[in-house]
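Colleague: Quick one: the structure is below, questions incoming.
The values are calculated or read from the model by the stated rules, or taken from the named source; none is laboratory data. In this text the structure is predicted, and so the values were computed from the model without any measurement. Cβ atoms come from the backbone with ideal geometry, glycine included; neighbour counts cover every protein chain shown.
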């Protein structure tokens with residue numbers, strides 16, 4: 001007699017396999033150049049590997065302190081103060097996390113109660129809404145302006161209610177590559193000033209802002225910093241996405257609540273990586289030079305598509321380039337991406353996958369965090385369009 005498998009009632013009944021997994025698998029199946037999933041195909045700096053190897057050999061292989069290795073927290077606080085003139089206490093206001101995804105989940109679990117509302121701005125990274133659901137909250141989706149992907153503060157204001165617990169903001173923005181301006185951040189600060197609404201500021205692409213423009217971190221604005229969990233990612237900044245090491249900077253009362261969840265969520269983060277990153281951060285050049293590094297890749301990709309029928313949208317930050325496919329095909333975004341991988345040999349991501357309602361505006365996203373040879377191979381295929 002077969003054993004009975006108990007019936008499960010899913011906490012995330014509407015969640016399936018992510019579009020990133022689907023398109024990466026299709027790219028591998030078709031031999032397509034994978035410009036879909038957002039990770040580099042090149043190695044990190046060998047000096048960073050040396051620093052981690054030094055830490056391994058030095059015996060840093062046991063549990064670190066729950067909030068993170070103090071040397072790394074001190075380095076992170078010094079970096080934020082140098083870049084944004086905001087002083088965070090390494091002991092009580094900086095926490096090292098197992099990547100930015102864990103940081104966002106932990107922040108949400110630490111502040112969202114049953115029935116609370118959290119505003120997310122569509123299109124958004126796919127972990128936000130499931131995180132809110134897991135916390136017992138309700139996601140209130142507010143669309144960014146189609147085409148420009150700029151915040152619509154009238155719509156954000158209309159979405160605020162007595163039940164609003166937090167808002168999640170992402171700049172530079174995945175998937176659109178839009179960067180919030182100083183005026184945008186000041187408008188958000190003014191909107192939230194009379195409220196108790198908290199801010200989760202997803203800034204994982206903070207060092208990928210182009211054309212000489214600054215990154216306007218929430219840390220730069222006193223009224224936002226006072227209510228914000230500011231999330232960053234060493235994986236994105238130093239080309240080591242598989243290490244899954246991130247940071248959260250927040251005022252001490254918020255950090256205290258964050259750490260209550262963090263200690264039972266992951267407790268601590270990979271020890272030798274933390275020591276290696278602390279040593280590597282002593283030289284600011286790698287992250288200060290990152291905007292120019294990725295801008296060159298953006299420009300190579302954009303110039304290579306000048307002769308195609310893809311209409312390229314602005315890319316002011318991140319390592320993503322969005323393109324309007326209206327002049328190329330009558331297919332919807334998802335079907336176009338399937339066709340592009342199978343028939344042209346390049347994988348992209350439909351922007352509709354980032355919207356709660358699957359809004360289709362005939363735009364797809366490419367990732368240019370690739371070796372120049374990879375980009376040239378993709379461009380040769382895409383120019384046929």
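Colleague: Taking the condition assigned by TED's automatic domain parsing to the domain that holds residue 102, without any contact (Cβ under 8 Å) to a residue 40 or more places away in the chain and crowded, with 21+ Cβ neighbours inside 10 Å, does residue 228 pass?
Modeller: On the way: assigned by TED's automatic domain parsing to the domain that holds residue 102: yes; without any contact (Cβ under 8 Å) to a residue 40 or more places away in the chain: yes; crowded, with 21+ Cβ neighbours inside 10 Å: yes.
Yes: the conditions hold for residue 228.
Colleague: For the stretch 79-90, what are the residues that are touching a residue at least 24 places away in the same chain (Cβ under 8 Å) and outside any loop (DSSP other than H, G, I, E, B)?
Modeller: Here is the first cut: in the stretch 79-90, the ones touching a residue at least 24 places away in the same chain (Cβ under 8 Å) are 79-80, 82-86, 88-89.
Across the stretch 79-90, the qualifying residues are 79, 80, 82, 83, 84.
Colleague: Looking only at the stretch 298-311, filter to residues that are touching a residue at least 12 places away in the same chain (Cβ under 8 Å) and farther than 11 Å from residue 376 by Cβ; which one of those is surrounded by the most Cβ atoms within 10 Å (Cβ to Cβ)?
Modeller: First, the residues of the stretch 298-311 that are touching a residue at least 12 places away in the same chain (Cβ under 8 Å): 298, 300-302, 304-305, 307-311.
From the residues that got through so far, the ones that are farther than 11 Å from residue 376 by Cβ too are 298, 302, 305, 307-311.
On the way: 298: 24, 302: 15, 305: 20, 307: 11, 308: 16, 309: 14, 310: 22, 311: 15.
This residue is 298.
Colleague: Going by what's in this entry, would residue 171 be described as surrounded by 19 or more Cβ atoms within 10 Å (Cβ to Cβ) and over 19 Å from residue 112 (Cβ atoms)? If you could, list the steps in order and put the result at the bottom.
Modeller: Numbers: surrounded by 19 or more Cβ atoms within 10 Å (Cβ to Cβ): yes; over 19 Å from residue 112 (Cβ atoms): yes.
Criteria met by residue 171.
Colleague: Do we have any residue at all in the stretch 273-290 that's closer than 30 Å to residue 380 by Cβ and within 19 Å of the chain's Cα centre (by Cα)? Talk me through it step by step, then tell me what you get.
Modeller: So in the stretch 273-290, the residues closer than 30 Å to residue 380 by Cβ come out as 289-290.
Still in the list and also within 19 Å of the chain's Cα centre (by Cα): 290.
Checking the stretch 273-290: at least one residue is closer than 30 Å to residue 380 by Cβ and within 19 Å of the chain's Cα centre (by Cα).
Colleague: Pairs, please: C-beta under 6 Å, at least 6 apart or cross-chain, first residue surrounded by fewer than 12 Cβ atoms within 10 Å (Cβ to Cβ) and in the stretch 6-30, second not in a loop (DSSP other than H, G, I, E, B)?
Modeller: Note: pairs meeting the criteria are 12/130.
Colleague: I would also like to ask the following. Looking only at the stretch 311-368, filter to residues that are part of a helix (DSSP H, G or I) and touching a strand residue (DSSP E or B) at 6+ places or on another chain (Cβ under 6 Å); which one of those is nearest to residue 178 (Cα to Cα)?
Modeller: 351
Colleague: Would you point out which residue out of 140, 179, 133 is more than 18 Å from the chain's Cα centre (by Cα), touching a residue at least 60 places away in the same chain (Cβ under 8 Å), in the same structural domain as residue 236 (by TED's automatic domain parsing) and surrounded by 16 or more Cβ atoms within 10 Å (Cβ to Cβ)?
Modeller: Values: 140 fails: touching a residue at least 60 places away in the same chain (Cβ under 8 Å); 179 fails: more than 18 Å from the chain's Cα centre (by Cα).
Criteria check complete, one pass: 133.
Colleague: State whether the residues of the stretch 13-31 include one that is part of a loop (DSSP other than H, G, I, E, B) and touching a strand residue (DSSP E or B) at 6+ places or on another chain (Cβ under 7 Å). If you could, list the steps in order and put the result at the bottom.
Modeller: Residues of the stretch 13-31 part of a loop (DSSP other than H, G, I, E, B): 13-18, 31.
Okay, now just the ones that are also touching a strand residue (DSSP E or B) at 6+ places or on another chain (Cβ under 7 Å), so none.
No, because not a single residue in the stretch 13-31 is part of a loop (DSSP other than H, G, I, E, B) and touching a strand residue (DSSP E or B) at 6+ places or on another chain (Cβ under 7 Å).
Colleague: Tally time: how many residues in the stretch 34-68 are assigned to a loop (DSSP other than H, G, I, E, B), touching a residue at least 60 places away in the same chain (Cβ under 8 Å) and within 30 Å of residue 261 (Cα to Cα)? Full working, then the answer.
Modeller: Filtering the stretch 34-68 down to residues assigned to a loop (DSSP other than H, G, I, E, B) leaves 35-45, 58-68.
Keeping just the survivors that are touching a residue at least 60 places away in the same chain (Cβ under 8 Å) gives 35-45, 58, 60-68.
Narrowing further to those that are within 30 Å of residue 261 (Cα to Cα): 37-39, 60-68.
Number of matching residues: 12.
Colleague: Let me ask something else. Is one or more of the residues making up the stretch 278-297 closer than 14 Å to residue 366 by Cα, at pLDDT 95 or above and either crowded, with 18+ Cβ neighbours inside 10 Å or outside the structural domain of residue 120 (by TED's automatic domain parsing) (or both)?
Modeller: Step one: filter the stretch 278-297 for residues closer than 14 Å to residue 366 by Cα, giving 294, 297.
Checking the rest, the ones that are also at pLDDT 95 or above come to 294, 297.
Going one step further and asking which of them are either crowded, with 18+ Cβ neighbours inside 10 Å or outside the structural domain of residue 120 (by TED's automatic domain parsing) (or both), we end up with 294, 297.
Yes: the stretch 278-297 contains one or more residues that are closer than 14 Å to residue 366 by Cα, at pLDDT 95 or above and either crowded, with 18+ Cβ neighbours inside 10 Å or outside the structural domain of residue 120 (by TED's automatic domain parsing) (or both).
Colleague: Report yes if residue 377 is out of contact with any strand residue (DSSP E or B) (no Cβ under 9 Å at 6 or more places or on another chain), surrounded by fewer than 24 Cβ atoms within 10 Å (Cβ to Cβ) and modelled with pLDDT of 95 or more, otherwise no. Spell out how you get there, then give the answer.
Modeller: Working: out of contact with any strand residue (DSSP E or B) (no Cβ under 9 Å at 6 or more places or on another chain): no; surrounded by fewer than 24 Cβ atoms within 10 Å (Cβ to Cβ): yes; modelled with pLDDT of 95 or more: yes.
Judged against the criteria, residue 377 is not a match.
Colleague: Residues that are more than 23 Å from residue 245 (Cα to Cα): find the helices (runs of 4 or more DSSP H) completely inside the stretch 94-210 holding 2 or more of those.
Modeller: On the way: elements: 99-111, 128-134, 153-159, 182-192.
Helices (runs of 4 or more DSSP H) meeting the threshold: 153-159, 182-192.
Colleague: Another question, if that's okay. Sort out which residues of the stretch 246-273 are farther than 17 Å from residue 86 by Cβ and either outside any helix (DSSP H, G or I) or free of Cβ contacts under 8 Å to residues at least 24 places away in the same chain (or both), and write them in order of number. Write out each step before concluding.
Modeller: Here is the first cut: in the stretch 246-273, the residues farther than 17 Å from residue 86 by Cβ are 246, 256-273.
Hits for the stretch 246-273 are 246, 264, 266, 267, 268, 269, 270.
Colleague: Next question. Scan the stretch 8-31 and tell me whether some residue there is more than 29 Å from residue 250 (Cα to Cα), more than 25 Å from the chain's Cα centre (by Cα) and assigned by TED's automatic domain parsing to the domain that holds residue 224.
Modeller: no
Colleague: (1) surrounded by fewer than 24 Cβ atoms within 10 Å (Cβ to Cβ); (2) under 19 Å from the mean Cα position of the chain (by Cα): which one isn't true of residue 202, the others all being true?
Modeller: (1)
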